[in-house]
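The values are calculated or read from the model by the stated rules, or taken from the named source; none is laboratory data. What you see is a predicted model, and the numbers here were worked out from it, not measured in a lab. Neighbour counts are summed over all protein chains in view; Cβ atoms, including those assigned to glycine, are modelled from backbone coordinates with ideal geometry.
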Amino acid sequence: MNRPGCCDNYTRSRLFRSAAAQAGQGLPQIESGMPMPAGTGLTRRGFIAGAAGLALAVYGAGKTPLPFFEDGIAEAAQSDRILVSIFLDGGADALSLLAPVGHPRYRELRPVLALDEGDGIAFTEDPSLRWHPSAAALAQLYGEGKVTVFPAVGYTDPNQSHFTSRHFWEVGELDTDARTGWMGRYLDLVGSETNPLQGLSLSSSLSPSLATLDKPVAAVEGITGYDLWSHASEPVSDEMFRSFTNMGSMKSQSPALDDSRRAIRATNIVRQTLANFGDFESPVIYPEARLGTQLSGLAALLGAGMPLHLVSVTADGAYDTHSAQVEEFDGAIKATCDSILAFQRDLEARGLQDRVLVQVWSEFGRRPEENGSAGTDHGAAGVAFLIGSRASGRMVGEFPGLVNLDEDDNLRHTSDFRAMYCSILEQWFGHEAAPIIPGAAGFARPVLIK
Amino acid sequence: MSARAGKKKRIRVYHRERWVDSGEGVVRLRKKVIRRRKGEKAPRKGPGPRPLPRPQEPTYPWKPQPFGTYKGRFGRLEATRLLNRAGFGPAPGQAEELARLGMKKAVLSLTRPKGKAKLTGPAPVDQEGLPLAPFDSWGHDHLWWLDRMVRTDQPFRERMALVFHDWFATSRSGVSQQRQMIDQYWTLRAGVNGTFDDLVVRITKDPAMLQWLNGGDNNKWSPNENYARELMELFTLGADRGAYTEDDIREAARALTGWRYDWDENLGAVNFRFDPEYHDEESKKIFSRKGNWNWRDVCRLCVTHKLHASFFVDKLWSYFVPAAPSTNTRKALIRLYLESDRKVLPVVEAILQHPDFYRGPPMVKPPVVFNASLLRSLGLPIETNDWIWLCDGAGQELFMPPNVSGWDDDRWLDTSTVRFRWMMVTYALDKVHADPWDDSYRDSETTREAVNRALGTYGWPALRSDHQAELIAMANRIPAYIQDEWQARPYLAMRQNALLQLIPSCPDFQLS
């Protein structure tokens, strides 16, 4: 069955060769002013990325001239800066990740969990700390000057609830009532009306950090195979999806109905964009880990010039290690760090390393004194990392030591997570932090980017 | 023999059945139809199916109503909302039946069912056709409960069990045996008919919970704070309200010591018991009160705390109404709760009769409620394991909440979970859809007939008229693609499938 306007194929490598970067134009359906692919005149353009063996389909309005797409892709591929936020869920034990072996109280507080004498990997900026052996991959990147370490990041009056503390990190302020994420608020200011991939959760549901007020964002558990099947095929299915989109585009005052419609509209756009994103080959070998799989897909998407901007993903592992900590922690940290190293190498192989910054965080650290179940209870200050070829590689705040703990016997913070956000916004995205992070003026601006 | 050889003889006159919403309920009309020959005048195109009464949209910003009993119209739409929020949606005809009772009787018919719950219809099986093994087979616990939601004649009991499963969220990922999860389910299910005090006591010594939050690892030599913290933060008092301090958590953890279990190589955690040897007998200070408190005292101190009743009311309300109650309503519910000695049922019944429940904004159905209501409306039994991963992908696998705070009810819908809801519909239609390639589908079906047929398949769900108009528009666009005679049957059958897919996938159907 031939229908008008279907499936013009272009070689993506040819597009890249011919396209000259032109400022102000993004990918199809990203920039505001572009018509929504909401039914009328919908055209499917298949771009085949020859080099990487990628096939992806991009939908746009049929009346938009093709050069627009070419320039848009070239532009998005060359100048966009991307942030990938990796969450260690449950409160990762900072004192295991970077063990304060040189501090006198360490072995007294951690009789069971302490690293063996001489174990671990040297941490050059502070010889009293040593990387956990399972974090060797991260230590390697650190040795290359690609890791900025926050050895004790937190905030004043630390909250030891997973949910409250995580919420603070997600919304970028100490307000339990805040409803939008800090990344979401950035997108609300600079994002597009029609590109849900600009804020992408690689998870089965949207990360609250990416929750926007009204800009579309997406959650995709797996990069490949994102399609919607049905018992109707073309041409009937095209009309079905057209109506599905239409139903998602109607206006409403009801918040729940609006949410429902927005999600349906975004689902359609993601479906159209990712439907043909089939098997891809990675230039490097990733570890057998969920995070590795997700990051390999992410690198392929970025390599294909997909219009991603902020990405959120949860690492392997459950870090709420109240008991038998070693069993869970060691494997989880290894899977996470190995995946991050593979991702960095992948980006380097694709020439994308200067466009991507990875941030690793957890809602809090754990209590310096271990509990009786060979585990640790909730603590306060924790550890965070910024990783990438452009990361400054310089420690932010020092390790506060184990003598002067806070009133709950927890680690005191020497840097604030909101200061990290402000610096990322200003130094990485070149966007003023004040409209996004409340009280931005009051926070330091550590140097995070080189 | 060619496939076409078995073609049925064309019947020119037949009877057509049609579901019509009479306003008072759906009735089935039977009508004589004469099939026309090619070239014969086509049947008159109707204006499409009669739109259902549009749900009355609240005005925004929504103003919460004072405490009281809802006095407005109680028709099909209101009964549907009641069934969607206090049960798992209507089976065909059930909303009409409930509407005839009037609001109060309808609520009480759900909240105070008589006798034991009955499961009607075929018992659930896995895809091999074998009975479920909820204690042993991975994911069968999910199917087992989903089946109860679909087939029970007492849906409110199951819905309240789901509420408490979210409230005291325990995950089998931290529990040795599925049997222990199902034992906990029975405890949660009984919760609605007793006092909250009782439920807290039972859940505190529940073997699944003792594993999940380390209550069984908590002893006088090395206290573990995990359960003490979540008992206060998530179960009884709430975080950041000034109800407790970090010291209260540490002291309560000491008071909760004494529970232990044995480890069996095959079964995991077994033989749960309270061992006075493991209990810390020293004095503890909790909420500024000193005493030699034990685990029962901690439960009592939490539910008698002056900030507990408001926490309970707010949390319970949020499961049924998506906007905060008025101050007046909140106070009245707190009073009701305290005056009834912290019984659960009176508070739920008051919420289900409150004007905000019927006239307030819609809320998003949790994925498992969506799944169960889809199967109920189609009258389908559980016959496949696929519901496990589909519900998981949609964001809610039973017995597997994401963490101890339960599911995030504010964020059910995004591009990932919407896709899984879509797939649930596709899988549900596996047995229901029209086969485009057999010869049975009528090649002269009108738009109106097609839309009516699809809506009737789901028992005439209450769709907003703009969505209904879009269904009609879609159905109207298909005949233009029929260029050759052979295309008519498959395209019209696929049109029916597209309608069947779109109805539960549309924004309305996600809401209650």
Mind checking which residues of the range B:385-405 are touching a helix residue (DSSP H, G or I) at 6+ places or on another chain (Cβ under 6 Å), part of a loop (DSSP other than H, G, I, E, B) and away from chain A (no Cβ under 13 Å)?
B:LEU398, B:PHE399
Whichever residue in the range A:222-245 is touching a Phe, Trp or Tyr at 6+ places or on another chain (Cβ under 9 Å) and within 23 Å of A:SER205 (Cα to Cα) and, among such residues, is farthest from the other protein chains (Cβ to nearest Cβ):
A:THR224
When restricted to A:VAL383, A:VAL360, A:VAL396, the only residue more than 14 Å from chain B (Cβ to nearest Cβ), in a loop (DSSP other than H, G, I, E, B) and of a type in the set (A, V, I, L, M, F, W, C) is A:VAL396
Could we say that B:SER512 is within 11 Å of chain A (Cβ to nearest Cβ) and closer than 14 Å to A:MET240 by Cβ here?
no
If we take the range B:312-384, then helices (runs of 4 or more DSSP H) inside it with 3 or more residues that are among the small types (Gly, Ala, Ser), touching a residue at least 40 places away in the same chain (Cβ under 8 Å) and buried (at least 18 other Cβ atoms within 10 Å of the Cβ) are B:367-378
Among the residues that make up the range A:299-306, is at least one of them surrounded by fewer than 23 Cβ atoms within 10 Å (Cβ to Cβ), within 11 Å of chain B (Cβ to nearest Cβ) and not aromatic (Phe, Trp, Tyr)?
no
Please go through the range B:474-492 and give me each residue that is out of contact with any Pro (no Cβ under 6 Å at 6 or more places or on another chain) and at the interface with chain A (Cβ under 7 Å from one of its Cβ atoms), ordered by number.
B:MET474, B:ARG477, B:ILE478, B:TYR491
Condition check for A:ALA384: modelled with pLDDT under 95 and buried (at least 24 other Cβ atoms within 10 Å of the Cβ)
no
Go over the candidates A:ARG166, A:ARG130, A:ARG179 one by one and state the one that is in contact (Cβ under 8 Å) with a residue 24 or more places away in the chain and under 17 Å from A:ILE86 (Cβ atoms).
A:ARG166
Qualifying residue in the range B:146-167 (condition: polar (S, T, N, Q) and either part of a helix (DSSP H, G or I) or within 14 Å of chain A (Cβ to nearest Cβ) (or both))
no
Identity of the residue in the range A:324-340, surrounded by fewer than 22 Cβ atoms within 10 Å (Cβ to Cβ) and touching a helix residue (DSSP H, G or I) at 6+ places or on another chain (Cβ under 7 Å), that ends up nearest to A:GLY278 (Cα to Cα):
A:ALA335
Meets criteria (free of Cβ contacts under 8 Å to residues at least 24 places away in the same chain, under 30 Å from B:LEU77 (Cβ atoms), within 13 Å of chain A (Cβ to nearest Cβ) and among the acidic types (Asp, Glu)) for B:ASP466:
yes
It is to be established whether one or more residues within the range A:309-331 are more than 14 Å from chain B (Cβ to nearest Cβ), free of Cβ contacts under 8 Å to residues at least 60 places away in the same chain and hydroxyl-bearing (Ser, Thr, Tyr).
no
Hey, among A:ASP214, A:ASP175, which residue is within 11 Å of chain B (Cβ to nearest Cβ) and surrounded by fewer than 23 Cβ atoms within 10 Å (Cβ to Cβ)?
A:ASP175
Could you please find all residues in the range B:193-205 being buried (at least 22 other Cβ atoms within 10 Å of the Cβ) and closer than 15 Å to B:LEU256 by Cβ?
B:VAL200, B:ILE203, B:THR204
Do you know which residues across the range A:217-245 are among the polar types (S, T, N, Q) and either within 14 Å of B:THR417 (Cβ to Cβ) or surrounded by fewer than 18 Cβ atoms within 10 Å (Cβ to Cβ) (or both)?
A:THR224, A:SER233
Exclusive hit being buried (at least 24 other Cβ atoms within 10 Å of the Cβ) and more than 9 Å from chain A (Cβ to nearest Cβ), set B:ARG421, B:ARG448, B:ARG495:
B:ARG421
Of the residues B:TYR244, B:TYR227, which single one is modelled with pLDDT of 95 or more, within 26 Å of B:LYS315 (Cα to Cα), within 12 Å of another protein chain (Cβ to nearest Cβ) and touching a His at 6+ places or on another chain (Cβ under 9 Å)?
B:TYR244
Any hit, the range B:241-252, residues being surrounded by fewer than 21 Cβ atoms within 10 Å (Cβ to Cβ), free of Cβ contacts under 8 Å to residues at least 12 places away in the same chain and of a type outside the set (D, E, K, R):
yes
Restricting to the range A:246-271, count the residues that are polar (S, T, N, Q), surrounded by fewer than 21 Cβ atoms within 10 Å (Cβ to Cβ) and more than 7 Å from chain B (Cβ to nearest Cβ).
2
Residue set A:LEU213, A:LEU228, A:LEU301, A:LEU310; condition touching a helix residue (DSSP H, G or I) at 6+ places or on another chain (Cβ under 7 Å) and in the same structural domain as A:GLN359 (by TED's automatic domain parsing); output residue A:LEU310
Which of the following residues is free of Cβ contacts under 8 Å to residues at least 60 places away in the same chain, within 22 Å of the chain's Cα centre (by Cα) and at the interface with chain A (Cβ under 10 Å from one of its Cβ atoms): B:ASP408, B:ASP435?
B:ASP408
Of the residues in the range A:240-285, those that are more than 16 Å from B:GLN510 (Cα to Cα), of a type in the set (Ser, Thr, Tyr) and at pLDDT below 85 come to A:THR273
Residue that is surrounded by the most Cβ atoms within 10 Å (Cβ to Cβ), among those in the range A:184-201 that are among the hydrophobic types (A, V, I, L, M, F, W, C) and under 17 Å from A:LEU302 (Cβ atoms)
A:LEU200
